[in-house]
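Some notes on the structure that comes next.
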Amino acid sequence: MSSIREKSESWDLLTIILVVILLTMGVVNLYSAAYNANHTSIFDISTLYGKQIMWIGIGLFFGIVISLIESEYIIKLTPIAFIVVTILLVLVLFTEPINGARSWLGIGAFGVQPSEFSKFTTSLMLAYVISQGSSRKMVSNQSLVSALLVVVFTMIMVLIQNDTGTFLVFTSFFFVMYREGITMDPIILFFLNNVLGYKFKQTWFGVHFIPVLFIITFFSIIILYFTDSIYIYSFLPGYEVPGWLILLFSITVLSLVIFVIIQQFVSERSKRKLRAVLFLLYFISIGFVGLVSYTYLNVLQVHQKDRIDLWLGKIQDQDGKDYNRNRALAAVGSGGFSGVGYQEALLSSPRSKHVPESETDFIFSVFSEEWGFLGSGTLVILFTILLIRIIMIAERQKSRFSRIYANSVAMILFYHFAINVGMNIGLIPVIGIPLPFFSYGGSAIMTFLVMIMILLKLDSQRKEFLE
């Protein structure tokens, strides 16, 4: 009897309670957002809320199955699960596009989105390749390359499907790698020392690649803002100078100024390395400007460029191209401090059709209008507690595999929550990312539940094995 009690107590009760609360709030909120007077039963699978409950049931079923599998077998089955989902990612490329994206596989009257499943399989595979090929304190170069291949390959597959939202979520794995002490130095040093002939021992931007990622993001925003702008100068009559050319010219001038400073004020001993770093950064910057500009001007679809331009404030069209974001923001604001009441929403109500996609991407606007600042604040607090709890679970793991997986789950949930709420309040461009446990979607809700169940299972057996 005591062994049964110990096994039940090893499951993290707080995480289970938080997920149940969020699931309940999500279903209740979806019932309001997608309410159909002709189908009032919440279990009617002809409605969105009925289907959502069905998907939750399927997700819980898979979760129960997972709970019966020992952690060591979850680890052993990881490569198989990753390969299966990767095959689905390839198959989906041969389907007909839906809303401009090839992301869905039809199964009878239903459809699944393999890119959603790839979130937990990639989390598992990332944990697998890092933990299998590394010691407890060091990550081997082979593990680094394998981890990058797993993440980057899946990101490319998702990008080919034109699923930019999921592509963005996959950048969260770089934070997980950073937490594990992984650096990009082996790759950078190979290029600097073996290709260019220098003798660096380490580089700042290789070790601190996450701060570099933030710098790249900031630089990308600047490029996107200026790249399609046209400038006319009086000393160049008859010429229209594109913004991307101005950026290239500015980078070149700045690099020349820094080069002169190095030549004049730096000791001979340090000149060679600083010049190497300067030249490397210059060519990377030039190439990056060209890559971002070309992607923006020639690869992105019109609606994607419009969303970026609206977010950057380059164009204003509140009742046209910016209608979705503007209406969602209005619905959030109309909730006031305490909300208008359950099923009393006017702007985000399906009857008014004021907020498009109020059951999926803009589900938060429904919740905010009905429950106001108090409800929204409570939701933020609940998600914050859940994320903190998952991070605590990650940090108490003895297994590197379990720790990496738990941190991956935390980052994926954080990305989804932050980006979805950011879309609804106008801070982030509309890119189509569901709110965990709230937005309608079978593939998404099953993915979140399976992710959590795997996490709980690994944590429940954390004392039984040590890598």
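Report yes if Val139 is touching an Asp or Glu at 6+ places or on another chain (Cβ under 8 Å), within 24 Å of Ser399 (Cα to Cα) and either without any contact (Cβ under 8 Å) to a residue 60 or more places away in the chain or of a type in the set (D, E, K, R) (or both), otherwise no.
yes
Look through Ile17, Ile64 and report the one residue that is under 21 Å from Phe448 (Cα atoms) and either modelled with pLDDT under 90 or assigned to a loop (DSSP other than H, G, I, E, B) (or both). Explain how you work it out, then say what you get.
Values: Ile17 fails: either modelled with pLDDT under 90 or assigned to a loop (DSSP other than H, G, I, E, B) (or both).
Sole residue among the options that is under 21 Å from Phe448 (Cα atoms) and either modelled with pLDDT under 90 or assigned to a loop (DSSP other than H, G, I, E, B) (or both): Ile64.
Scanning the range 92-142 for residues that are over 27 Å from Leu168 (Cβ atoms) and among the aliphatic types (A, V, I, L, M), which turns out modelled with the highest pLDDT?
Of the residues in the range 92-142, the ones over 27 Å from Leu168 (Cβ atoms) are 108-109, 132-138, 140-142.
Now restrict to residues that are among the aliphatic types (A, V, I, L, M): 109, 138.
Details: Ala109: 56, Met138: 65.
Taking the candidates together, the pick is Met138.
So which of Gly422, Gly372 ends up being among the small types (Gly, Ala, Ser), at negative phi and part of a helix (DSSP H, G or I)? Break it down into steps so the answer makes sense when it comes.
Numbers: Gly372 fails: at negative phi.
Residue meeting the stated conditions: Gly422.
Tally time: how many residues in the range 410-442 are modelled with pLDDT under 90 and over 30 Å from Ile221 (Cβ atoms)?
So the answer is 1.
So which residues in the range 29-53 are within 18 Å of Ala444 (Cα to Cα) and without any contact (Cβ under 8 Å) to a residue 12 or more places away in the chain?
Selection gives Ile45, Gly50.
Select, from Thr164, Thr203, the only residue that is under 30 Å from Lys271 (Cα atoms), among the β-branched types (Val, Ile, Thr) and in contact (Cβ under 8 Å) with a residue 12 or more places away in the chain. I'd like the intermediate steps shown before the answer.
Details: Thr164 fails: under 30 Å from Lys271 (Cα atoms).
Exactly one residue qualifies, and that residue is Thr203.
Among the residues that make up the range 261-283, is at least one of them without any contact (Cβ under 8 Å) to a residue 24 or more places away in the chain, of a type in the set (S, T, N, Q), outside any helix (DSSP H, G or I) and farther than 23 Å from Leu245 by Cα?
Checking the range 261-283: at least one residue is without any contact (Cβ under 8 Å) to a residue 24 or more places away in the chain, of a type in the set (S, T, N, Q), outside any helix (DSSP H, G or I) and farther than 23 Å from Leu245 by Cα.
Do any helices (runs of 4 or more DSSP H) lying entirely in the range 179-238 carry at least 1 residues that are among the hydrophobic types (A, V, I, L, M, F, W, C) and at pLDDT below 75, and which ones are they? First the steps, then the outcome.
Values: elements: 185-189, 204-207, 209-226.
Where helices (runs of 4 or more DSSP H) fall fully within the range 179-238 and carry at least 1 residues being among the hydrophobic types (A, V, I, L, M, F, W, C) and at pLDDT below 75, they are 204-207.
With (1) surrounded by fewer than 16 Cβ atoms within 10 Å (Cβ to Cβ); (2) at pLDDT 90 or above; (3) among the aliphatic types (A, V, I, L, M) as the list, and Val292 as the residue in question, which single condition is left unmet?
Of (1) surrounded by fewer than 16 Cβ atoms within 10 Å (Cβ to Cβ); (2) at pLDDT 90 or above; (3) among the aliphatic types (A, V, I, L, M), only one is false for Val292: (1).
Is there any pair with a first residue in the range 206-220 that is over 24 Å from Asn193 (Cβ atoms) and a second that is small (Gly, Ala, Ser) and assigned to a helix (DSSP H, G or I) whose Cβ atoms are under 8 Å apart and which are 6 or more apart or on different chains, and what are they?
Pairs that qualify, where the first residue is over 24 Å from Asn193 (Cβ atoms) and the partner is small (Gly, Ala, Ser) and assigned to a helix (DSSP H, G or I), are Phe219/Ser285.
Here are some residues: Ile452, Ile431. Which one is assigned to a helix (DSSP H, G or I), in contact with a helix residue (DSSP H, G or I) (Cβ under 9 Å, 6 or more places away or on another chain) and buried (at least 21 other Cβ atoms within 10 Å of the Cβ)? It would help to see each step written out before you state the result.
Numbers: Ile431 fails: assigned to a helix (DSSP H, G or I).
Answer to the check: Ile452.
Would you mind telling me which numbered condition in (1) closer than 27 Å to Ser143 by Cα; (2) in a helix (DSSP H, G or I) Lys463 fails?
It fails just one condition, (2).
State whether the residues of the range 269-282 include one that is under 22 Å from Ala418 (Cβ atoms), in contact with a Leu (Cβ under 9 Å, 6 or more places away or on another chain) and surrounded by fewer than 19 Cβ atoms within 10 Å (Cβ to Cβ).
Looking for residues that are under 22 Å from Ala418 (Cβ atoms), in contact with a Leu (Cβ under 9 Å, 6 or more places away or on another chain) and surrounded by fewer than 19 Cβ atoms within 10 Å (Cβ to Cβ), one finds none in the range 269-282, hence no.
Among (1) surrounded by 12 or more Cβ atoms within 10 Å (Cβ to Cβ); (2) more than 30 Å from Gln202 (Cα to Cα), which single condition is Gln316 missing?
(1)
Select from the range 85-96 the residues that are out of contact with any Phe, Trp or Tyr (no Cβ under 6 Å at 6 or more places or on another chain) and either over 18 Å from Phe117 (Cβ atoms) or in contact (Cβ under 8 Å) with a residue 12 or more places away in the chain (or both) and list them in ascending order.
Within the range 85-96, the first condition is being out of contact with any Phe, Trp or Tyr (no Cβ under 6 Å at 6 or more places or on another chain), and the residues that meet it are 86-96.
Residues satisfying the conditions are Thr86, Leu88, Leu89, Val90, Leu91, Val92, Leu93, Glu96.
Let's see how each residue does on (1) within 25 Å of Ser71 (Cα to Cα); (2) under 25 Å from the mean Cα position of the chain (by Cα); (3) crowded, with 17+ Cβ neighbours inside 10 Å:
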| residue | (1), (2), (3) |
| --- | --- |
| Ser123 | yes, yes, yes |
| Val129 | yes, yes, yes |
| Asn141 | no, no, no |
| Val158 | no, yes, yes |
| Phe170 | yes, yes, yes |
| Phe174 | yes, yes, yes |
| Asp185 | no, yes, yes |
| Phe209 | no, yes, yes |
| Tyr225 | no, yes, no |
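Being loosely packed, with under 15 Cβ neighbours inside 10 Å and modelled with pLDDT under 90 is the filter here; which residues of the range 71-90 pass it?
As a first pass, look at the range 71-90 and keep what is loosely packed, with under 15 Cβ neighbours inside 10 Å: 72-73, 76-77, 80, 83-84, 87, 90.
Of everything in the range 71-90, just one residue is loosely packed, with under 15 Cβ neighbours inside 10 Å and modelled with pLDDT under 90, namely Glu72.
Filter the range 355-371 for residues that are of a type outside the set (D, E, K, R) and within 11 Å of Gly341 (Cα to Cα); which is surrounded by the fewest Cβ atoms within 10 Å (Cβ to Cβ)?
The initial filter retains those residues of the range 355-371 that are of a type outside the set (D, E, K, R), namely 355-356, 358, 360, 362-368, 371.
Next, only the ones that are within 11 Å of Gly341 (Cα to Cα) stay: 366-368, 371.
Values: Val366: 29, Phe367: 29, Ser368: 29, Trp371: 22.
Within the range 355-371, the match that is surrounded by the fewest Cβ atoms within 10 Å (Cβ to Cβ) is Trp371.
Say whether the condition of being surrounded by fewer than 24 Cβ atoms within 10 Å (Cβ to Cβ), over 30 Å from Ser10 (Cβ atoms) and in contact (Cβ under 8 Å) with a residue 24 or more places away in the chain is met by at least one residue in the range 381-392.
Checked the range 381-392: no residue is surrounded by fewer than 24 Cβ atoms within 10 Å (Cβ to Cβ), over 30 Å from Ser10 (Cβ atoms) and in contact (Cβ under 8 Å) with a residue 24 or more places away in the chain.
The values are calculated or read from the model by the stated rules, or taken from the named source; none is laboratory data. Everything numeric here is computed off the predicted structure, so don't read it as measured data. Backbone-built Cβ (ideal geometry, glycine too); neighbour counts: all protein chains shown.
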